[in-house]
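Written out below as structure tokens is the structure these notes cover.
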Amino acid sequence: MVLYSLLAAAKVNLYLEIVGDRGDGFHELIMVMQSISLADRVTVRSIGVDTIRLICHHPLVPADETNLAYRAAALLVRRFPEVMTHRGGVEITLEKHIPVGAGLAGGSSNAAAVLVGLDLLWNLGLTQGELQELGAELGSDVPFAITGGTMFATGRGEQLDPLPGLHPLWMVLAKYGTEMVSTPWAYRTYRAEFGHLYQTEFATRRSQVKAGPMLAAISHHQGSAIGHHLYNDLEKVVLPAHGKTAELKATMASLGGRGTLMSGSGPTVFTLVSTQTEAESLIQRIRAALPDPDLGLWMAQCVPSGVQLVDD
């Protein structure tokens, strides 16, 4: 039996600006994306029948063809139709640790891990660039999830430029289990409320942000300055509609750290800190201020990669 186990890192957005509409129906985005140590474990295993089998015991994660991890495997089968004849089918097991519907790209990271794992399992010999092109067909966050690290992302998120890594910066993440945000809803609502502010000179704005204070802070590894320049346009529509998440952000921001932000379309909120000890202390303060059993808390470190092969 041949199998590969991989860690699929979650991501946070340190910066997310919606610049305008694209001709393909997506938004033109400018983002700084960061992989973190909070990760799912994805295992791909050869099986003797020509099929894709998905196993996941999380109650909120579908174990069928609607799952992005399943769709990643199906995409490879379509591109390489003889692969199952020669290599057999695959069983994909997802061990979830990234909270679901959290704005942390858990589904995208799982799909990325399946692409990387099946490239190894089926000996396809794909380059990283080819894997990222396939990933872009599945979702805007998948190309980043394959490579990970610290990236300046443009287009709809699939155009990636590496930035200096932020290891060993830490963070505390928090999310109410019952709070969910639909990413399509968030972008539709932003378009309806702020579309009149959209720009057309995408290249000019990209250059401005690339030469701006956030990237300068990252380049010089200035944690406090990075925290000061955290930014997310989607907070403008998500926080007014999700009062508990808005309160969570305000509470976390009042308890210390180097800056607090909602990640992606939310509703996860994170606060940057310098060390694991600071993260542990902040978790205790958040728990004391918000003693709600529905509130999940995690600490994580910035990491230099997205999908990582691990030994069993």
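Anything in segment 33-50 that is modelled with pLDDT of 95 or more and of a type in the set (Ser, Thr, Tyr)? List them, or say none. Ser35, Ser37, Thr43, listed by residue number. Applying the condition of being without any contact (Cβ under 8 Å) to a residue 60 or more places away in the chain and closer than 16 Å to Thr154 by Cβ to segment 168-204 and asking which residue is surrounded by the fewest Cβ atoms within 10 Å (Cβ to Cβ) yields Ala203.
So which residues in segment 263-312 are outside any strand (DSSP E or B), among the β-branched types (Val, Ile, Thr) and touching a helix residue (DSSP H, G or I) at 6+ places or on another chain (Cβ under 7 Å), if there are any at all? Before the answer, list the steps.
Step one: filter segment 263-312 for residues outside any strand (DSSP E or B), giving 263-268, 274-294, 303-306, 311-312.
If we keep only those that are among the β-branched types (Val, Ile, Thr) too, we end up with 268, 275, 277, 283, 286, 303.
The answer is Ile286, and nothing else.
Residues in segment 231-246: is at least one part of a loop (DSSP other than H, G, I, E, B), free of Cβ contacts under 8 Å to residues at least 60 places away in the same chain, under 30 Å from Asp294 (Cβ atoms) and among the hydrophobic types (A, V, I, L, M, F, W, C)? No, segment 231-246 contains no residue that is part of a loop (DSSP other than H, G, I, E, B), free of Cβ contacts under 8 Å to residues at least 60 places away in the same chain, under 30 Å from Asp294 (Cβ atoms) and among the hydrophobic types (A, V, I, L, M, F, W, C). If you go through segment 207-243 and pick out every residue that is within 26 Å of Ala192 (Cβ to Cβ) and loosely packed, with under 15 Cβ neighbours inside 10 Å, you end up with 5.
When Glu91, Glu133, Glu82, Glu95 are screened for being of a type in the set (Asp, Glu) and modelled with pLDDT under 95, only Glu82 passes. Checking Thr200 against (1) of a type outside the set (Asp, Glu); (2) part of a helix (DSSP H, G or I); (3) at pLDDT below 95, which single condition isn't satisfied? Unmet condition: (2).
Before we move on, is Gly88 in contact with a Gly (Cβ under 7 Å, 6 or more places away or on another chain) and not assigned by TED's automatic domain parsing to the domain that holds Lys210? Spelling it out, Gly88 is indeed in contact with a Gly (Cβ under 7 Å, 6 or more places away or on another chain) and not assigned by TED's automatic domain parsing to the domain that holds Lys210.
Only one entry in Ala174, Ala216, Ala153 is under 14 Å from Leu29 (Cα atoms) and either touching a strand residue (DSSP E or B) at 6+ places or on another chain (Cβ under 7 Å) or at pLDDT 95 or above (or both), namely Ala153.
For segment 205-223, enumerate the residues that are under 18 Å from Ser274 (Cα atoms), in a helix (DSSP H, G or I) and in contact (Cβ under 8 Å) with a residue 40 or more places away in the chain.
So in segment 205-223, the residues under 18 Å from Ser274 (Cα atoms) come out as 214, 217-223.
So of that shortlist, the ones also in a helix (DSSP H, G or I) come out as 214, 217-219, 223.
Once the filter is applied, which keeps residues that are under 18 Å from Ser274 (Cα atoms), in a helix (DSSP H, G or I) and in contact (Cβ under 8 Å) with a residue 40 or more places away in the chain, segment 205-223 yields Met214, Ile218, Ser219, Gly223.
Consider Arg78 carefully, then state whether it is more than 29 Å from Leu272 (Cα to Cα) and surrounded by 15 or more Cβ atoms within 10 Å (Cβ to Cβ). It is false that Arg78 is more than 29 Å from Leu272 (Cα to Cα) and surrounded by 15 or more Cβ atoms within 10 Å (Cβ to Cβ). Can you find a residue in segment 147-159 that is assigned by TED's automatic domain parsing to the domain that holds Asp50 and assigned to a helix (DSSP H, G or I)? Yes. Taken over segment 16-28, the residue count meeting the criterion of being surrounded by fewer than 24 Cβ atoms within 10 Å (Cβ to Cβ) and in a strand (DSSP E or B) is 7.
Can you list the helices (runs of 4 or more DSSP H) lying wholly within segment 38-124 that have 3 or more residues being out of contact with any Pro (no Cβ under 7 Å at 6 or more places or on another chain) and free of Cβ contacts under 8 Å to residues at least 40 places away in the same chain?
Numbers: elements: 68-79, 83-87, 106-121.
Ranges flagged: 68-79, 83-87.
Does segment 159-169 include one or more residues that are under 15 Å from the mean Cα position of the chain (by Cα) and modelled with pLDDT of 95 or more? Yes. From the list Leu68, Leu94, the lone residue that is out of contact with any Lys or Arg (no Cβ under 9 Å at 6 or more places or on another chain), crowded, with 18+ Cβ neighbours inside 10 Å and not aromatic (Phe, Trp, Tyr) is Leu68.
The values are calculated or read from the model by the stated rules, or taken from the named source; none is laboratory data. Since the structure is predicted, the reported quantities are computational estimates derived from the model, not experimental observations. In this analysis, Cβ positions are derived from the backbone assuming ideal geometry, glycine residues included, and neighbour counts consider all displayed protein chains.
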